Structures are given as structure tokens and as C-alpha cells.
Amino acid sequence: MPMFPNGTGYKVCIEMPESEILESVVPRSIIIGKSTIKRIPDIIESLGLKQKIMILTGPRTRYVVGEEIYNVVTSQGMDCEVIIIENASLEAAKSYVDLAEQYKPNVIISAGGGKNIDVGKYCLKQISRKVEMISVPTSTSHDGLASPFIFLNDPTDKFIGECRPPIAVIADVEKILNHPDLVRYIAAGVGDTVGKITAIWDWRHAWRIKSEKFSRFVGGVLENADTLFQSQVSEALIDPEHAVQVVLKALLIAGVLMGTSNNIRVGYGSEHMFSAALDAQTSNADILHGERIALGAIMMAKLQGQNHEKLVNILKNAGCPTNIEDLKVDIPPEAIVAALHRAHKTNSMYTVLGQTGLTKEAALNIAQITGVISELHK
Ligand SMILES: [Zn+2]
């Protein structure tokens, strides 16, 4: 017997052959365009949500979107509280959950960069009552906009768990275009998207070696989306508005596919494990998530026997770092080697790194062969 969407409408169950149930949890509304913030009250009403709202926004992004959202919803008579997220550590996120328990919102609007969105998802997971989340991204650097997975600084970019994905994602392209570091954030979004190529390879590898469940449908859709993205991205980068649309759609597709398969493998493989290990080595350094993923994807693609030079070309065209000299900060090449050597310890999932990871010699070799580092400091 097929099961139909339940009363709340965000959960879709599809009966599969041999009584296997695929449970997909995906956003109900994704809106990308200009002046979309004005539509938030209508969206809240059309989704049938009660109108007590808590906005989570950053110290800078409050001036980009946070205050405008507050004005738009309160002008429609909705109750609203604004919380400024100063810190996205697990410890700090717990204090925002306490605030949410006191205020008792029905809707959390996470407005800003990736960390505001992750703190919103953490509140969604921990809060004792029913609450829905709307994600309002202000940049294109990150694939967590629509996904159900949560990463917090603890003290580094660490996987915390999963929640229902945002019920709506509302991206205002004008706000994203006004980002003071737009070009760098678009490039980082390209970096995170390129990382899907190595993540899918790892997923399929785990299926072959460890009989891990692999969705050919989801893997195929993501690979096709990535091919389409690669063919569009160079042209799109000429025009920032087009670039924002293309990168945003690619990140959203990845996030939605994570919810569709309920499997983090869709967007998380050895390149993300390297990123987490590098984050631990260089915490607080000014390196964006997508920039770390770009370096990781180049090296993992080479290890996987994929065409890593093709990835380097896509990333270079986008202006995304392909070696440590391209980064905004100086990091020692030893940090890259140490992160490669430790990457397999950041997550128990099986990848090209195997169970025991790379030796220091192998790590140095792959980092140099791919040009991510030139030579170690003497
Ligand atoms: Zn990512």
C-alpha cells in the first residue's frame, strides 16, 4: 500500500519493492529570486505555520537581512524575537536552544551564513516542541541551506547529527549579490559543489567494498546535476547574478538530495573529512568551508584515480583556491600533510582513505603531486 504525505506535508513515504521504505524529508518551498524577503509572511501563512517567530542572525547579517525580516513580519502583526548568533560552537548552540525554549516560537528563521543555519537546525533538533525552520541564506558558500545535517564548531566543523530539513528556503539574490566578498563566496560555493564528485565516488566505493547501501538514483541525479553545473559554471561566472543562481541551485540540489536519500554520503566524503581535519589544524584561520573542500577534492580525486586536473581547471576558472598560496591566510604546508594523515579519523565512514588512512609519506606525496603544496618548510 503506498503511503501518502501525512498531515504536516513535509514527509513523503514511498513504498519500494520488497517492502523497503524510502523516507524522504525535503523542504516544501524553495524560492530563489529578487525581493523574496517581502514574501516571507505569505509563505508562513501558506505553509499553515503559527505566527510566533524567532530570527537567528549574525552580528553582520542582521543588517543585511535580519532586521528587514523583522520589519516585514512584525508589520504583518506577527510576534517576533531576534537573536544574534555570536558563536556557533556546540556550547553556544545549547544556549540558543534555551532561549528558544523560553520564547516558544513556532517558526525559526535562520538568516545569514552557514553557521546561523546550522545553529537553527540544532535548535530544531533539540527543542522540545514542534517548530519549523525557514532558511534565508546570504551567501553561496555552503551546501547546508536545505539539507537535514548539522555541523557546529566543537571546536571544529564537526558533524553533530540530523534534523528535519528547513520547511522553506528563501534566497534573495539581491542580498547575496550585495555580499562584500561576493566573488570569494561564489568561488567557495563552486568548491563545495566540486566536492560532490569525490563524495559520490567514496559512496560508490563503500558500496563495492563494504556493501554499504547506495542509491543509484540519487547518485545518478547528483552526477548529472554536477555535469550540468560544470558545463554552465564557466559561462555563468562572467555575470555575478547568473553565477549566484547557478551555484545556489547546485548547492540546493545537493541539500535536497541529502534529504531525499536521508544519507549524508550525498554531500560528504573524504574531501569533507580532510576539511574537518584541516579546520582542526588551522582553527580560526580565514579559510571558507568551500575553500577547504576544494583543496580536499583535488587531492581525493587524484587518490581515487579521477581526473583531478579537470577539477583544478573548474576551480581556477571560478577563482577558488587550488593550492595553499591561493588562500587568504598563510598556512604551513605541514598542516595540509597532517590533515591528510588524520582525515580518516574525523568520521567513521569508509572512503578512499580506507580504515587506516594515509601514511605521512603518502600524504606528502599526494599533496605535492596535485600542487596543493609545493614543498615543506625546511
Ligand atoms: Zn560542504
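Key figures
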{"quantity": "Which numbered condition residue 350 fails, given (1) over 17 Å from residue 301 (Cβ atoms); (2) at pLDDT 95 or above; (3) touching a Leu at 6+ places or on another chain (Cβ under 9 Å)", "calculated": "(3)"}
{"quantity": "Subset tally (residues that are part of a loop (DSSP other than H, G, I, E, B) and under 23 Å from the mean Cα position of the chain (by Cα)) for the stretch 330-371", "calculated": "7"}
{"quantity": "Those strands (runs of 3 or more DSSP E) lying entirely in the stretch 107-161 with at least 3 residues within 16 Å of the ligand (Cβ to nearest atom) and of a type outside the set (Asp, Glu)", "calculated": "149-153"}
{"quantity": "Every pair of residues 6+ apart whose Cβ atoms lie under 8 Å, when the first sits in the stretch 61-89 and is farther than 16 Å from residue 120 by Cα while the second is loosely packed, with under 15 Cβ neighbours inside 10 Å", "calculated": "64/178; 72/38"}
{"quantity": "Subset of the stretch 66-103 (residues that are within 18 Å of residue 171 (Cβ to Cβ) and in contact with a Pro (Cβ under 9 Å, 6 or more places away or on another chain))", "calculated": "72, 73"}
{"quantity": "Qualifying positions in the stretch 251-293 - within 12 Å of the ligand (Cβ to nearest atom), among the aliphatic types (A, V, I, L, M) and within 24 Å of residue 326 (Cα to Cα)", "calculated": "251, 273, 276, 288, 293"}
{"quantity": "Residue count for the stretch 225-245, restricted to those that are over 15 Å from residue 185 (Cα atoms), without any contact (Cβ under 8 Å) to a residue 24 or more places away in the chain and within 21 Å of the chain's Cα centre (by Cα)", "calculated": "3"}
{"quantity": "Test for residue 226: is it within 16 Å of the ligand (Cβ to nearest atom), closer than 28 Å to residue 33 by Cβ and acidic (Asp, Glu)", "calculated": "yes"}
{"quantity": "In the stretch 269-311, the residues that are within 18 Å of the chain's Cα centre (by Cα) and closer than 17 Å to residue 205 by Cα", "calculated": "269, 270, 271, 272, 273, 297"}
{"quantity": "Residues being surrounded by fewer than 21 Cβ atoms within 10 Å (Cβ to Cβ), touching a helix residue (DSSP H, G or I) at 6+ places or on another chain (Cβ under 9 Å) and of a type in the set (Ser, Thr, Tyr) - total across the stretch 47-74", "calculated": "1"}
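The values are calculated or read from the model by the stated rules, or taken from the named source; none is laboratory data. The shown structure was predicted, so the numbers you read here are calculated from the model rather than taken from an experiment. Cβ: placed from backbone, ideal geometry, glycine included. Neighbour counts: every protein chain shown.
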